[in-house]
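First comes the structure, then the notes that go with it.
The values are calculated or read from the model by the stated rules, or taken from the named source; none is laboratory data. From a predicted model like this one, the values you see are computed outputs, not experimental measurements. Cβ placement follows ideal geometry from the backbone for every residue including glycine, while neighbour counts extend to all protein chains displayed. We work out accessible area using only protein heavy atoms, side chains counted, and drop any ligands, DNA or RNA first. Shrake-Rupley method; radii C 1.70, N 1.55, O 1.52, S 1.80 Å.
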Amino acid sequence: MYVLTAAQMREVDRRTVELGIPDAVLMENAGHRVVELLAGKFAPLSAQRIVVLCGKGNNGGDGVVVARQLFTRFRPASLDVVLADTAPANLATLDACGFHGISRQIAPSMRAATIVVDALLGTGLTGPPREPYASLIAEINHGFPAATVVAVDMPSGLASDAAVTAWDHVRARYTVTFTAPKPGQLLESGDAACGELVVAPIGSPAALCVSGTRLTEPADFTALLAPRPRGGHKGTFGHVLVIGGAPGKTGAAAMTGMAALRAGAGLVTVASSEDALSEIGAHAPELMTEELPEYGHFRDLAAGKTVFAVGPGMGVHRHRSEFLRRMLADHDQPAVIDADALNNLGGVELPRDRRLILTPHPGEMARLIEKPAAEIQADRMTIAREFAVSRGVLLVLKGFRTLVAFPGGELWINPTGGPALATAGSGDILTGLIAGLVAQYPGDWRMAAVAAVWLHGYAGDRAGAALGDKSVIATDLLRFLPEAFAAARG
């Protein structure tokens, strides 16, 4: 599913009209999609008390269509339309059908509404709403104590293209957006503001609705979920080499190795210091272990491995930086760079045109690009995309709505995952899942990373639902990974 900015959405609408589908048809379809949601969630609508707040322009026109269809088809117990500005499109049709409940302000009797439809402001907002919109947004949020808020296309006041909206905006229970999701609806501020987001087609041809940003869906990585060949064996499905697990941090490397196995890798070897090997083996007997040699002997260890997973529990040391530099320069296997390996990258030039996957959280990203973490959070999409393109790597920028940025500029927003993942070791599990899928599909390593992020988040969601977000620990994710695979296949 493609994600469109406000400017891209305007261009889609313009080209749709040029192709012969009038604005009036798009508006009618938009209103109908909102009414479909209302009829499905709040039946019988004849028992509801509904207030529709309309701004000017297309968003207000959509609200007028909603009001007209409610009036002519469902006859709610009460229906009021409040106009915030100059008359929106389609207003004459309300009078023509015999509706006379139009007001310029919210009357006391409207406070008992059971449903408030927010059609004040759409996707074009770039700064704080002016009056009377600012006051009406506050009224929607606080002035209807018994009402469920349904937003038309965009909760009013929410910035459609930004990760964070710094000013007040509507907080809806449901949002019906049209044609494609918008970036601001999916990231930090928007996810909470939109409530349940429904993406509804209104007639624009799919060929027009294309961008460089996508919302990940299982259908995108279906090829990675095909049944295994019956004649396959452990050598068929790749060999992961995990490098890390210094004393005191052996659990990180063990979790990465076990996640790679759970993802389907045929073989996993964990290379670490001699002192740590017995601990790693005790964590997981399914893992093979090797002492991590001086670099001069690393070539023998790397031989026959399909993918490297470097960093979990590695520790930070200047000798590790030199090890990473030589490893990346001398070997062409795909490599997942995480945790302490990211912190060891200072001064290491990343080779371009190499299958490198970096998986920083915001703090690690801040160190990589020497910017404050807050600045990264405020513009995650731009920063992730620019880093991936400029460095020629695939970047997995972890956090709420983890981003996967390809070296060619394409960016994927992951919809799964939540607070259950906020636990030590969940990033080590993700590194292992990515490595395990890349081991099986080295020729499709980019989509393997996209798939791993989706599966990781879904397993976290299921673990949180079963155990409670506070009680989930990283290894619980492995218990729910089979459910994630099953859901993706379904």
Exercise for review: Take the residues in the stretch 200-210 that are open to solvent by 30 Å² or more (accessible area, probe 1.4 Å) and assigned to a loop (DSSP other than H, G, I, E, B), then tell me which one is nearest to Val34 (Cα to Cα).
Suggested key: Pro201
Point to revise | Filter pass, Val316 being in contact (Cβ under 8 Å) with a residue 24 or more places away in the chain, open to solvent by less than 10 Å² (accessible area, probe 1.4 Å) and either under 28 Å from Val453 (Cα atoms) or in contact with a helix residue (DSSP H, G or I) (Cβ under 6 Å, 6 or more places away or on another chain) (or both) | key: no
Review point. Can you tell me which residues in the stretch 330-348 are modelled with pLDDT of 90 or more and farther than 19 Å from Thr250 by Cα?
Key: Asp330, His331, Asp332, Gln333, Pro334, Ala335
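To keep it simple, each residue is scored yes or no on (1) closer than 25 Å to Pro334 by Cα; (2) aliphatic (A, V, I, L, M); (3) open to solvent by 20 Å² or more (accessible area, probe 1.4 Å).
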site	(1), (2), (3)
Val389	yes, yes, yes
Gly399	yes, no, yes
Glu410	yes, no, yes
Gly417	no, no, no
Thr423	no, no, yes
Revision key, fill the gap. Here the residues within the stretch 28-49 that are closer than 19 Å to Thr123 by Cβ and either small (Gly, Ala, Ser) or open to solvent by less than 40 Å² (accessible area, probe 1.4 Å) (or both) are Ala30, Gly31, Val34, Leu37
Review point. Would the stretch 69-83 turn up any residue that is part of a helix (DSSP H, G or I) and under 28 Å from Gly124 (Cα atoms)?
Key: yes
Review point. Looking at Glu322, is it open to solvent by 40 Å² or more (accessible area, probe 1.4 Å) and either within 16 Å of Gly244 (Cα to Cα) or of a type in the set (Lys, Arg) (or both)?
Key: yes
**Study point:** Subset of the stretch 211-267 that is in a helix (DSSP H, G or I) and either open to solvent by 60 Å² or more (accessible area, probe 1.4 Å) or free of Cβ contacts under 8 Å to residues at least 60 places away in the same chain (or both) - its residue that is farthest from His331 (Cα to Cα)
**Key:** Ala219
Exercise for review: Would you point out which residue out of Ala374, Ala378, Ala405 is open to solvent by 40 Å² or more (accessible area, probe 1.4 Å), more than 17 Å from Arg325 (Cβ to Cβ), of a type in the set (A, V, I, L, M) and without any contact (Cβ under 8 Å) to a residue 40 or more places away in the chain?
Suggested key: Ala374
**Study point:** Contacts under 8 angstrom Cβ, first residue in the stretch 423-445 being closer than 16 Å to Leu481 by Cβ, partner part of a helix (DSSP H, G or I) and among the β-branched types (Val, Ile, Thr), 6 or more apart
**Key:** Asp428/Thr256; Ile429/Thr256; Leu430/Val453; Thr431/Thr256; Gly432/Thr256; Ile434/Val453; Ala435/Thr256
Check your understanding: Which one of Val52, Val12, Val25 is outside any strand (DSSP E or B), open to solvent by less than 60 Å² (accessible area, probe 1.4 Å) and either on the phi < 0 side of the Ramachandran plot or modelled with pLDDT under 95 (or both)?
Key -> Val12
Review point. Looking at Ala163, Ala92, Ala96, which one is touching a residue at least 12 places away in the same chain (Cβ under 8 Å), among the hydrophobic types (A, V, I, L, M, F, W, C) and either on the phi < 0 side of the Ramachandran plot or open to solvent by 20 Å² or more (accessible area, probe 1.4 Å) (or both)?
Key: Ala163
Exercise for review: May I ask you to list pairs of residues, at least six apart or on different chains, whose Cβ atoms are under 9 Å apart, with the first in the stretch 462-490 being open to solvent by less than 70 Å² (accessible area, probe 1.4 Å) and the second being in a helix (DSSP H, G or I) and polar (S, T, N, Q)?
Suggested key: Ala463/Ser471; Gly464/Ser471; Val472/Ser426; Ala474/Ser426; Leu477/Ser426; Ala488/Thr222
Practice item. Confirm whether Ile280 is surrounded by 14 or more Cβ atoms within 10 Å (Cβ to Cβ), among the β-branched types (Val, Ile, Thr) and over 25 Å from Arg446 (Cβ atoms). Key: yes
Point to revise | Of all residues making up the stretch 87-115, the number that are part of a loop (DSSP other than H, G, I, E, B) and touching a helix residue (DSSP H, G or I) at 6+ places or on another chain (Cβ under 9 Å) | key: 11
Practice item. Considering only the stretch 372-490, give the strands (runs of 3 or more DSSP E) lying wholly within it that have at least 3 residues that are within 22 Å of Pro312 (Cβ to Cβ) and touching a helix residue (DSSP H, G or I) at 6+ places or on another chain (Cβ under 7 Å). Key: 394-397, 403-405
Review point. Of everything in the stretch 286-313 that's open to solvent by 80 Å² or more (accessible area, probe 1.4 Å) and over 35 Å from the mean Cα position of the chain (by Cα), which residue is farthest from Tyr441 (Cα to Cα)?
Key: Glu294
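For (1) open to solvent by 10 Å² or more (accessible area, probe 1.4 Å); (2) basic (Lys, Arg); (3) over 24 Å from the mean Cα position of the chain (by Cα), each residue gets a yes or a no:
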{"residue": "Ala138", "(1), (2), (3)": "yes, no, yes"}
{"residue": "Val150", "(1), (2), (3)": "no, no, no"}
{"residue": "His169", "(1), (2), (3)": "yes, no, no"}
{"residue": "Val176", "(1), (2), (3)": "no, no, no"}
